[in-house]
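To keep things clear, I will list the structure first and then write my remarks on it.
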Amino acid sequence: MTGTIIENLSGRKLAVLVTFLLLCQLTCFLIGGLVAPMPANAQNILGTVCKDTSVMKNDTTKWFYNRGKGKCQPVDLGEVHHDLSEKDIVFAFQMPIPREGETYDYSRWQQNLIGVLQVDISYHSQMEVKPRSTITIDARLAYRNKEDPEDGWKLYTQSVEKRVLDCDIDIKTDEYLYNCSLIPLFELGSLFHDYYLLNIRLPIDTPDMNAHIGHIQDMWVTVINQNGGFTKVWVSLKTVFFPCIIGILIWFWRRIHMLERKPVLLEKMLLSLGIALCFLNAPLEYLTLQFDLPFMLLLGDIRQGVFYATLFSFWLVFAGEHMLIQDTSAQSSLKQYWRHLSAVAIGCISLFIFDMCERGVQLRNPFYSIWVTDLGTNLALTFIILAGISTGVYFLFLCYLVYKVFINISHKRQSLPTMCSVRRLHYEGIIYRFKFLMLATLLCAALTVIGFILGQVAEGQWKWDEHIELEYTSAFFTGVYGMWNIYIFSLLVLYAPSHKRWPVNENTSDMQNLSEEIEFSRLPGERSEISSLTSFIRKATVD
Amino acid sequence: MITSRVSSFLILSIVSIFATNNVEGSQPVLQKTVESLFTERSDVTYPGSCKVLVSSKKQTKMCKREPGISKILVTAKQQAIAACEETFQYDRWNCSLIYNKKSKRSIFKKIYRETAFIYALVAASLTHAVARGCSSGDLIRCSCLGSFQNDTHLRGGCGDDFKYGKRFTNNFLEWKQAGNDQIAEILKQDVNIGIDAVGEQLKEVCKCHGFSGSCTTKTCWKRLGPFNSAMGLLKKHYHHAIKRKLVNYTTKRAITPKVRRKMEIDRQKLVYLQKTPNLCVSTKGRICKDRHNCATLCCGRGFIVGKKSVSSRCRCRMVDCCLVKCDTCVEEVDFYTCK
């Protein structure tokens with residue numbers, strides 16, 4: 001009769017292991033907080049107004065920029081220009097902007113680029129901006145690399161997009177600015193080239209187009225990219241965790257194969273959880289340093305989605321397997337959980353569809369946004385609400401299952417005094433450890449939630465004293481990432497089948513124990529090597 | 001023995017610093033810069049790399065390092081003057097450089113309420129223009145303050161151009177070298193209020209870009225407000241400025257801790273030393289906005305109501321495609337002139 005490692009581990013060893021894992025956890029948190037810079041960085045770019053005198057505006061070889069050879073002559077929109085029509089105006093955004101006397105270029109470590117548009121519209125009593133009016137933007141994105149000449153811009157992508165301009169104003173005085181909401185402009189999944197250039201025009205092809213957007217004074221584009229330093233720390237963490245999890249997974253699987261029985265559902269779930277984690281851990285980011293992979297944002301979402309789906313399913317099965325719902329003779333399978341798991345599936349699928357509609361389409365057109373049209377907004381909201389509802393249903397299910405498990409365990413506790421002392425102690429230990437792991441799960445989840453809320457409330461940087469500055473957001477990310485890795489690592493270790501034999505079973509002689517032993521060995525039948533906790537509970541149903 | 005040597009060296013060096021200060025001119029750079037930026041209304045190009053003004057050694061160096069700065073200085077100067085003239089159009093002091101049209105009564109002669117305001121205004125305008133210059137890429141030396149990683153691609157927090165604008169303005173006006181006598185302390189405070197007026201217009205904006213675009217990752221940045229909002233705040237400061245008595249007028253000695261403590265109380269207000277002369281003499285013939293405004297502007301002398309026709313664009317509409325056509329409407333409006 002064998003059990004899992006957690007049941008056979010002495011308290012001292014368990015304490016050592018837990019301490020070690022906690023230390024690892026602390027290290028992850030501190031690495032994020034002390035070594036890594038903040039996860040993402042924003043840069044405000046003020047658009048330079050250039051004059052496009054060409055008649056045809058759809059020439060994509062002509063680019064306007066404000067630095068370097070062939071730069072345009074900037075126009076001041078504050079002055080009156082009689083020779084300038086709205087069609088001739090181009091807002092140029094050249095990124096990245098120079099800093100500290102150097103012309104910086106984007107590094108591939110910076111991973112992605114998100115652009116947000118902010119429009120400064122000044123109030124004119126003659127031209128009031130209606131709330132929720134539509135702005136049409138002709139946006140063109142070009143790229144250039146270091147070895148290219150300074151005017152060698154090449155078209156990356158081009159699109160005419162509609163966006164909702166939500167503006168209001170408190171004091172209606174001329175020249176005062178409207179309070180306009182952010183306009184999401186583009187999302188690039190890969191930052192492959194060194195320099196980017198955005199040209200924005202406001203076309204007026206139809207009478208109604210861009211007619212109610214007031215007097216535009218300035219245009220700002222804020223570009224957000226992941227910090228190179230953060231990526232390096234993140235990828236190094238992945239590089240460390242990936243082989244560790246792979247290693248422990250192989251060890252886990254080999255241990256199961258050494259047994260005579262087939263793996264049970266819980267072990268299969270653990271294995272798939274490990275595989276999902278490996279999928280999440282795989283440092284694919286290294287590839288972006290060499291290849292242009294715009295699907296990385298989408299892939300990142302999918303990887304996280306798969307991981308969370310597996311983790312949620314595992315919790316369900318974990319709780320369910322320690323219950324008495326299934327027929328003792330049948331091998332439990334995933335089919336029994338289809339009702340519970342369908343909540344996870346629906347949530348994941350709706351999120352996946354939403355993500356494909358947003359980030360999937362962005363692979364083709366980085367300027368695309370699902371939120372622009374009313375239909376798209378409704379669709380996106382439907383999927384998100386669906387995902388939200390199924391998450392809620394899932395947690396209700398889970399809480400119910402866990403509640404039932406605890407009820408069961410407390411019932412069985414009552415029958416413990418009738419057992420022999422050695423066995424009783426052992427069962428008490430199992431219950432204790434089961435609760436302990438339950439608590440660990442709750443603690444991990446709670447820490448994640450608390451950490452997230454803290455990050456929302458507090459400032460980005462925490463100062464301990466003059467010299468030690470803690471980058472909280474990064475620490476939160478690496479901390480949570482490390483935590484779930486460690487959590488799954490410990491699950492794989494502690495729930496692997498143990499090879500130790502219970503000494504209790506061999507040297508007992510008293511009657512009570514013998515009768516129990518007979519009963520015990522008879523019940524599980526061929527599956528004698530099942531996790532002892534499960535068998536303990538199953539046995540109790542017969543009692 | 002060693003300590004006495006060190007202290008004597010320190011004393012010597014301090015004395016020599018004072019001496020050089022005296023040689024360079026009686027007026028500190030702070031005063032000189034603000035005055036010349038605000039007074040010079042022609043487009044004269046001065047020799048040296050700063051072009052708009054006769055620069056000090058440090059300023060010349062700063063302009064040389066950053067070639068785009070002379071353009072920014074012009075922008076800052078024009079922005080300050082235009083904003084001042086527009087905001088004070090209907091006030092007794094209409095942003096003129098001299099009081100009551102008497103060339104001897106320059107507003108820079110003493111520290112009047114208006115002088116204090118102009119120090120704040122120039123500092124605000126310079127800060128704003130530099131921050132804008134950083135964002136548009138016209139200035140190339142803007143630094144990334146608040147980052148603690150120096151590697152090119154590794155840094156965090158490069159977006160806050162206001163901080164750089166503030167630092168640049170303080171450096172350019174040689175804020176630290178302005179001295180610590182009472183006059184300098186007052187001017188320094190006024191400059192600070194100007195810079196802070198721009199800082200108060202910063203608005204934090206955030207964008208979520210985490211898992212599936214959710215707010216698991218959120219990046220926030222500060223958005224520079226428009227200059228006319230800062231100007232509105234500065235005008236409030238102008239009206240709430242407080243007057244201080246000069247403690248030791250003749251000496252350039254550092255102020256005593258007692259005075260300093262007194263100054264600490266009103267850190268958030270513009271400070272001036274001299275009462276503004278009565279400006280009612282010069283408001284004759286000034287145009288006022290409405291009857292209410294005339295009551296103050298004309299100092300109770302009454303006003304003349306005239307009629308004039310103003311033409312403006314009205315009934316604008318789209319014609320065919322892509323052309324905005326407006327009618328010119330002629331409207332008879334009252335206009336008021338002070339007696």
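The residues of region A:42-56 that are within 12 Å of chain B (Cβ to nearest Cβ) and in a loop (DSSP other than H, G, I, E, B) amount to a single one, A:47. Each residue in region B:41-93 was checked for being in a helix (DSSP H, G or I) and surrounded by 17 or more Cβ atoms within 10 Å (Cβ to Cβ), and 16 pass.
Residue B:292 satisfies every condition listed in (1) assigned by TED's automatic domain parsing to the domain that holds residue B:92; (2) modelled with pLDDT of 85 or more; (3) not small (Gly, Ala, Ser) except (1). Of the residues A:363, A:416, A:396, the single one that is farther than 30 Å from residue A:138 by Cβ, touching a helix residue (DSSP H, G or I) at 6+ places or on another chain (Cβ under 8 Å) and of a type outside the set (Lys, Arg) is A:416.
Whether any residue in region A:57-75 is free of Cβ contacts under 8 Å to residues at least 12 places away in the same chain and outside the structural domain of residue A:138 (by TED's automatic domain parsing) is what I want to check.
Start the filter on region A:57-75 by keeping residues that are free of Cβ contacts under 8 Å to residues at least 12 places away in the same chain, which leaves A:58-59, A:62, A:71.
Keeping just the survivors that are outside the structural domain of residue A:138 (by TED's automatic domain parsing) gives none.
No: zero hits.
Quick one: is residue A:217 surrounded by fewer than 16 Cβ atoms within 10 Å (Cβ to Cβ) and within 13 Å of chain B (Cβ to nearest Cβ)? Yes, satisfied. As for region B:72-81, it holds no residue that is more than 25 Å from residue B:199 (Cβ to Cβ) and basic (Lys, Arg).
Is there a residue being farther than 20 Å from residue A:187 by Cα, part of a helix (DSSP H, G or I), at pLDDT below 90 and touching a His at 6+ places or on another chain (Cβ under 6 Å) anywhere in region A:396-413? The answer is yes, given that some residue of region A:396-413 is farther than 20 Å from residue A:187 by Cα, part of a helix (DSSP H, G or I), at pLDDT below 90 and touching a His at 6+ places or on another chain (Cβ under 6 Å). The residue that is nearest to residue B:224 (Cα to Cα), among those in region B:199-213 that are more than 9 Å from chain A (Cβ to nearest Cβ) and in contact with a Phe, Trp or Tyr (Cβ under 7 Å, 6 or more places away or on another chain), is B:202.
None of B:190, B:181 is modelled with pLDDT of 90 or more and closer than 30 Å to residue B:273 by Cβ except B:190. Answer with yes or no whether residue A:279 is farther than 21 Å from residue A:395 by Cα, of a type outside the set (Lys, Arg) and either in contact (Cβ under 8 Å) with a residue 24 or more places away in the chain or in a loop (DSSP other than H, G, I, E, B) (or both). Yes; evaluated as a whole, the condition is true for this residue.
Listed conditions (1) within 11 Å of another protein chain (Cβ to nearest Cβ); (2) buried (at least 21 other Cβ atoms within 10 Å of the Cβ); (3) farther than 30 Å from residue A:214 by Cβ are all met by residue A:68, apart from (2). Scanning region A:80-123 for residues that are out of contact with any strand residue (DSSP E or B) (no Cβ under 8 Å at 6 or more places or on another chain) and more than 7 Å from every other protein chain (Cβ to nearest Cβ) gives A:80, A:81, A:82, A:83, A:85, A:86, A:102, A:103, A:108. Residues in region A:111-125 that are under 30 Å from residue A:294 (Cα atoms) and small (Gly, Ala, Ser): A:115 alone.
Restricting to region A:144-194, name every residue that is of a type in the set (Phe, Trp, Tyr) and under 29 Å from residue A:302 (Cβ atoms). Those that are of a type in the set (Phe, Trp, Tyr) and under 29 Å from residue A:302 (Cβ atoms): A:156, A:186, A:192. From the list B:34, B:29, B:130, the one residue that fits, being within 26 Å of residue B:238 (Cα to Cα) and within 14 Å of another protein chain (Cβ to nearest Cβ), is B:130. Of note, residue B:109 satisfies the criterion of being under 22 Å from the mean Cα position of the chain (by Cα) and either within 14 Å of chain A (Cβ to nearest Cβ) or modelled with pLDDT of 85 or more (or both).
The values are calculated or read from the model by the stated rules, or taken from the named source; none is laboratory data. Just so we're clear, the structure is a prediction, and the values are computed from it rather than from any experiment. Cβ sites come from the backbone with ideal geometry, for glycine too, and all protein chains shown count toward neighbours.
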